[in-house]
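The values are calculated or read from the model by the stated rules, or taken from the named source; none is laboratory data. Please read all numbers here as calculations on a predicted model, not as lab measurements. All Cβ positions, glycine included, derive from the backbone under ideal geometry; neighbour counts span all protein chains shown. To get the accessible areas, we keep the full protein, side chains included, count just its heavy atoms, and leave off ligands, DNA and RNA. Shrake-Rupley method; radii C 1.70, N 1.55, O 1.52, S 1.80 Å.
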Amino acid sequence: MSASQFLAARDLLVRYRDDYDRAVREFRWPELDRFNWALDYFDEYATNNAAPALRIIRADGGDTSRSFAELRDRSNQVANLLRAMGAERGDRLLLMLPNSVPLWEVILGAMKLGVVVVPATPQLTPSDLADRFERGGVRHVVTDATGAAKFEGMTARFTKLLVGKPSAGWRSYAEADSAPTGFRVDGVTLASDPLLLYFTSGTTAKPKLVLHTHESFPVGHLTTMYWLGVKEGDRHLNISSPGWAKHAYSSFFGPWNAGATIVVYDSPRFDAAALLTLIGRAEIATLCAPPTVWRMVISEDLSRYKVSLREALSAGEPCNPEVIDQVRQAWGITIRDGYGQTETTLVVGNTPGQPVKPGSMGRPMPGYNIDLVDADGRAGDSGEICVTLRGKRPCGLMVGYLDDPAKMAAAQDRGFYSTGDVAVRDEDGYITYVGRADDVFKCSDYRISPFELESVLIEHPAVAEAGVVESPDPVRLTVPKAFVALRAGFTPSRELALSILQFTRARLAPYKRIRRLEFAELPKTISGKIRRVELRAREREAVAAKISGGASYAEADFPELESVRP
């Protein structure tokens, strides 16, 4: 019964793919009791299905594919091996693998067993892993040789499964080759049972533990499928590192909910030209990439590359208007922004077939009611983005923070989940991102959005990326300061700083002007997001210590700039 309700909800969104108003009006989250997506949906869809489910193309020329039927049988073997190793329903398994076929096999196999997966990026350090063991209650680990080295000396007891060449103390993943291809279910999976335990990327604080269920991510990502616009049989390419929620969004549940082929480009380092060549050669229909990748892509001459893209998407952070304009001019398609968090599925997005307003990340997805709540708790046209909990709770919302259950309980008492992001909504219902609540600041009593200023900065031909934060000021309280990373071929200098300041002055209102600028490498989380919290701390320390010079400049350093009082 649960599987049929899931399919009915999915089919409605497929049917109204280009009719946003009707999808919102008619969509209802399925009422689920017992549900295991891997068994009840994936295995049924995969039976005797020779269509490609996964294709991994490597930079060295390697090309590996698996059909839905092959992944069904192989994940059964992996589930049987994990069971033989002692993995039981409710146990937590840390999965740290690169984009390789076993990554998908293990997720499916663990799901069938009822084992909770703790996704981990291969970029984690031993101290990161120790924290995950301590706070995440990990009992099993699946990794490769590179990852195994990071567990040396760890005192926690856990079972170890190694992908690749055998190693002392680790069981070999190759043992799955001789395991049965049939799988015996040993218990009931409730839709409310835990499935995934994510550690957030920690842009402003220590990573939080986000718990999702067999309902919240597999079913919740129906909204992601809808936003992607992916169709059965499409080749969908997502640029994302394993270990983060975005990987589950667009390299697992979103495309497979539609019956599409997940395509992965596995490269040791990012190469925009190679990626663009692959998009054409592999006949990619839908492409999703974070703004950082899109910014690097437009550094190439896009007109030189023939692509068959039907949909271009961006998520993780807002995509800058300059990037969207350049892609549209070259390929005639518009990058559609989408918004979600580790704590949710896709919540707001520009959906297929609908008008895209410059700068807006779109409208609430089917099944989500969104309020913008001000500091006094009133809903209006500006404020913090909040998922309304009145009526039926959205399927795609997490259970809560495992390490801070009181926080989620308090949110539910207020009747909404607060995202921590600030936005404005126009008369047509389109929502435009302003910034993290922690990142937005005031200058002379004017509210400043770092993202808006950063979008202007990257229009300058020398600027690759920028992070804007507040800098303490005795007159205005704070003023905008830009930390700027340059494109290849440009060198920090007084002349370039002047050029950038003049460029932004011509495009920003006086109260928004960037008053200080520093050439610097931008600190980022391991998921690639700019850590403005670190830039703010650095700037406060520099101002307190009266540190200046070097690659740091202020308006006062340029007498040739006309002084304009805001």
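Listing for the model above:
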quantity: Filter result for Ser314 (surrounded by 24 or more Cβ atoms within 10 Å (Cβ to Cβ), over 19 Å from Asn99 (Cα atoms) and small (Gly, Ala, Ser)); calculated: yes
quantity: Enumeration of residues in region 221-238 that are in a helix (DSSP H, G or I) and either surrounded by fewer than 24 Cβ atoms within 10 Å (Cβ to Cβ) or of a type in the set (D, E, K, R) (or both); calculated: none
quantity: Total residues in region 414-439, condition in contact (Cβ under 8 Å) with a residue 40 or more places away in the chain, over 17 Å from Gln341 (Cβ atoms) and not in a strand (DSSP E or B); calculated: 4
quantity: The listed residue being in a helix (DSSP H, G or I) and open to solvent by 20 Å² or more (accessible area, probe 1.4 Å), out of Glu105, Glu134; calculated: Glu134
quantity: Residue in region 68-82 that is out of contact with any helix residue (DSSP H, G or I) (no Cβ under 8 Å at 6 or more places or on another chain) and either modelled with pLDDT of 95 or more or under 17 Å from Gly187 (Cβ atoms) (or both) present; calculated: yes
quantity: Single unsatisfied condition, Thr292 versus (1) surrounded by fewer than 23 Cβ atoms within 10 Å (Cβ to Cβ); (2) touching a strand residue (DSSP E or B) at 6+ places or on another chain (Cβ under 6 Å); calculated: (2)
quantity: Qualifying positions in region 368-399 - free of Cβ contacts under 8 Å to residues at least 60 places away in the same chain, open to solvent by 70 Å² or more (accessible area, probe 1.4 Å) and within 18 Å of Phe217 (Cβ to Cβ); calculated: Arg393
quantity: Residue within region 424-431 that is more than 28 Å from Leu195 (Cβ to Cβ), basic (Lys, Arg), crowded, with 17+ Cβ neighbours inside 10 Å and touching a Ser or Thr at 6+ places or on another chain (Cβ under 8 Å) present; calculated: yes
quantity: Count - residues of region 273-289 that are open to solvent by 10 Å² or more (accessible area, probe 1.4 Å) and farther than 17 Å from Arg336 by Cβ; calculated: 6
quantity: Flag for Ala537 being more than 17 Å from Asp439 (Cα to Cα), at pLDDT below 90 and open to solvent by 20 Å² or more (accessible area, probe 1.4 Å); calculated: no
quantity: Some residue of region 184-201 being within 25 Å of Ala130 (Cα to Cα), modelled with pLDDT under 95, in a loop (DSSP other than H, G, I, E, B) and open to solvent by 40 Å² or more (accessible area, probe 1.4 Å); calculated: no
quantity: Answer residue from region 27-74, given it is in contact with a strand residue (DSSP E or B) (Cβ under 7 Å, 6 or more places away or on another chain) and β-branched (Val, Ile, Thr) and is most open to solvent (accessible area, probe 1.4 Å) among those; calculated: Thr64
quantity: Residues within region 514-534 that are over 28 Å from the mean Cα position of the chain (by Cα) and open to solvent by less than 30 Å² (accessible area, probe 1.4 Å), tallied; calculated: 3
quantity: Subset of region 159-177 [loosely packed, with under 15 Cβ neighbours inside 10 Å and either closer than 30 Å to Ala3 by Cα or touching a residue at least 40 places away in the same chain (Cβ under 8 Å) (or both)]; calculated: Asp177
quantity: Qualifying positions in region 50-73 - among the basic types (Lys, Arg) and farther than 30 Å from Ala272 by Cα; calculated: Arg72
quantity: Selected residue (only one of Lys442, Lys407, Lys357 is assigned to a strand (DSSP E or B) and surrounded by fewer than 21 Cβ atoms within 10 Å (Cβ to Cβ)); calculated: Lys442
quantity: Residue count for region 2-26, restricted to those that are of a type outside the set (A, V, I, L, M), open to solvent by less than 30 Å² (accessible area, probe 1.4 Å) and within 18 Å of Phe252 (Cβ to Cβ); calculated: 1
quantity: Scope region 313-336; condition within 22 Å of the chain's Cα centre (by Cα) and assigned to a helix (DSSP H, G or I); matching residues; calculated: Pro321, Glu322, Val323, Ile324, Val327
quantity: Filtered residues of region 24-50 (kept if in contact with a Phe, Trp or Tyr (Cβ under 6 Å, 6 or more places away or on another chain) and either in a loop (DSSP other than H, G, I, E, B) or farther than 25 Å from Ile262 by Cα (or both)); calculated: Pro30, Asn49
quantity: Residue in region 344-352 that is touching a residue at least 24 places away in the same chain (Cβ under 8 Å), surrounded by fewer than 18 Cβ atoms within 10 Å (Cβ to Cβ) and in a loop (DSSP other than H, G, I, E, B) present; calculated: no
